[in-house]
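Undergrad: Submitted below is the structure of interest, expressed as structure tokens.
Throughout, read-outs are computed from the coordinates displayed, never taken from laboratory work. Here the structure is a predicted model, which is why all the values come from computation and not from measurement. Every residue, glycine as well, gets a Cβ built from its backbone with ideal geometry; the counts of neighbours run over all protein chains shown.
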Amino acid sequence: MNVSIEYSDYLVRLLQFEQKFPALLILPQIEQLILQNDPTLEELVSICQSNKSLFNKLTHSNNQARDIRQFAQDILLKKGMSYLLSICIRSMNQEIFILPRKTQEGLTEFMLKRRSIILARYVKKFSSQIGFSPDDTYLCALFYNFRIVCFELLPEIENPETQDFVSMEEEVSKALASCFYSLGFNKEISGFIEESSMDVYDTQNPFLHALVRIGNHLLCEVKSAEAPHFEILLVWIQC
């Protein structure tokens, strides 16, 4: 079996059936409802009921039977679907940046999460030039470094020469893209991940890829996660 297909099947099993990252899993469903323009209360309740542990996390509530419906009504009538997408993304940011094998020397989970969020916020500012929605632009940049997490989640690689992410970047990118397609992520996000190891000028959106890679390289140059360094970068993304 092709290595990227084998890894994709593993990631789908890990994310979809074992629900490794519940907030990530629910994002495509929410985006589909947003695209409908007029989602029903029952559709939103169904999504909330599909992942009750995530619902409890989002609402800080244990009274599921009553509060799921009330929560859905508040989203539809007061706060809007964009609010639901926003809090799910924030919840996902607390879940997905884990490094179980610590294969990247000097890279901590805090540094990876902080780098990814700063990068995503910065790239989002260019969504109109990129031609994607602000949310899709944000997620493309955020998931760029999620590939490192996926590399560490994959089964141990037998060949010791392929124990680093760089040597497996193409296979991991294709595997994650295929997994995202299977989970219902749109072609903008899945396609970006699929092309994220290609030469910039061979991609469908060279500007997006160049922006993400240059921004990520600059953030990687910050060798420490100490506050002063990140304060400088936070000023930079506001420019």
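Undergrad: Give the order of PHE110, PHE165, PHE151, PHE97 when sorted by the count of other beta carbons within 10 angstrom, beginning with the fewest.
TA: With the fewest neighbours first, PHE110, PHE165, PHE151, PHE97 line up as PHE110, PHE165, PHE97, PHE151.
Undergrad: Then there is this: Cut-off is 10 Å between beta-carbons; in what order do VAL172, VAL149, VAL45 appear when sorted fewest neighbours first?
TA: Least to most surrounded, the residues fall as VAL45, VAL149, VAL172.
Undergrad: With a Förster radius of 30 Å, plug the Cβ-Cβ distance of ARG90 and VAL222 into 1/(1 + (r/R0)^6) and report the FRET value to the nearest 0.05.
TA: It comes to 0.85.
Undergrad: Once you have the Cα-Cα distance between LEU77 and GLU169, take 0.36 nm times their residue separation minus that, and quote the gain in nm to one decimal.
TA: Full extension from LEU77 to GLU169 adds 28.7 nm.
Undergrad: Sticking with this one: Between GLU105 and ARG121, what is the label-point separation in nm under the 7 Å Cα-to-beta-carbon projection?
TA: 3.1 nm
Undergrad: Also, I was wondering about something else. Among the listed pairs LYS78/LYS124; LYS78/LYS125; LYS20/LYS102, which are separated by more than 23 Å between their Cα atoms?
TA: From the list (LYS78/LYS124; LYS78/LYS125; LYS20/LYS102), the Cα-Cα distance tops 23 Å for LYS78/LYS124; LYS78/LYS125.
Undergrad: Can you classify the stretch 94-158 as rounded, prolate or oblate using the Cα gyration tensor, where a ≥ b ≥ c are the square roots of its eigenvalues, rounded means a/c under 1.5, and otherwise it's prolate if a/b beats b/c and oblate if not?
TA: prolate
Undergrad: Using a 10 Å cut-off around each Cβ, can you sort PHE126, PHE180 from fewest to most neighbouring Cβ atoms?
TA: Ascending number of Cβ neighbours within 10 Å: PHE126, PHE180.
Undergrad: Each residue of the stretch 138-152 in turn: what ³J(HN,Hα) in whole Hz from Karplus with 6.51, -1.76, 1.60 and θ = phi - 60°, glycine and Pro shown as x?
TA: 4, 5, 4, 5, 5, 6, 4, 8, 5, 4, 5, 4, 4, 4, 6
Undergrad: Could you pull out which residues in the stretch 32-52 have an amide N less than 15 Å from a spot 7 Å beyond the Cα of ARG69, following the Cα-Cβ vector?
TA: Zone members listed by number: 41-49.
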